[in-house]
Amino acid sequence: MRAKREFRNRDGTEVAVLDELVDRADDGMTVLEIRAAVETDIDGLEEALSRLKSDGLIDVEQDGQQTVIKPNDRVVPDDPVDEETDESLVERLRDRFGL
């Protein structure tokens, strides 16, 4: 699943993080899980998470002994099918050519 369209005009790493978090919105993800899913170095991931947190797009919770990151409810699409199929031409080209 993908984050809502209005949040897709951000840095590529931020969008990738949001997409991964939206896929696991109920359970959330640890930083290590996000790091394994998103292709970036740890510094890029740290910067992306910091910006997303400061913009209120992610929520950070303590789940027992670990920290879990979840997408803010406003990032998760109401109808995931619409967000999945309604890609812009630029997004389709980016996915197709690996940009």
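The values are calculated or read from the model by the stated rules, or taken from the named source; none is laboratory data. Bear in mind that the values here come from a model prediction, so they are computed numbers and not experimental data. Cβ placement follows ideal geometry from the backbone for every residue including glycine, while neighbour counts extend to all protein chains displayed.
Of the numbered criteria (1) in contact with a helix residue (DSSP H, G or I) (Cβ under 7 Å, 6 or more places away or on another chain); (2) part of a strand (DSSP E or B); (3) not acidic (Asp, Glu), the one MET1 fails is (2). Taking the criterion of being over 13 Å from VAL68 (Cβ atoms) and either touching a Pro at 6+ places or on another chain (Cβ under 8 Å) or of a type outside the set (A, V, I, L, M, F, W, C) (or both), the residues of segment 21-43 that qualify are VAL22, ASP23, ARG35, GLU39, THR40, ASP41, ASP43.
Any idea which residue in segment 7-16 is surrounded by the fewest Cβ atoms within 10 Å (Cβ to Cβ), counting only those that are in a loop (DSSP other than H, G, I, E, B) and among the charged types (D, E, K, R)? Across segment 7-16, the extreme among qualifying residues is ASP11. For VAL17, work out the one condition from (1) at pLDDT 90 or above; (2) more than 10 Å from the chain's Cα centre (by Cα) it doesn't fulfil. Status for VAL17: all satisfied but (2). Within segment 17-29, being part of a loop (DSSP other than H, G, I, E, B) and farther than 13 Å from ILE58 by Cβ holds for ASP26, ASP27.
Each residue in segment 38-71 was checked for being surrounded by 14 or more Cβ atoms within 10 Å (Cβ to Cβ) and under 14 Å from ASP26 (Cβ atoms), and 5 pass.
When ILE42 is tested against (1) within 13 Å of the chain's Cα centre (by Cα); (2) at pLDDT 90 or above, exactly one condition is not met: (1).
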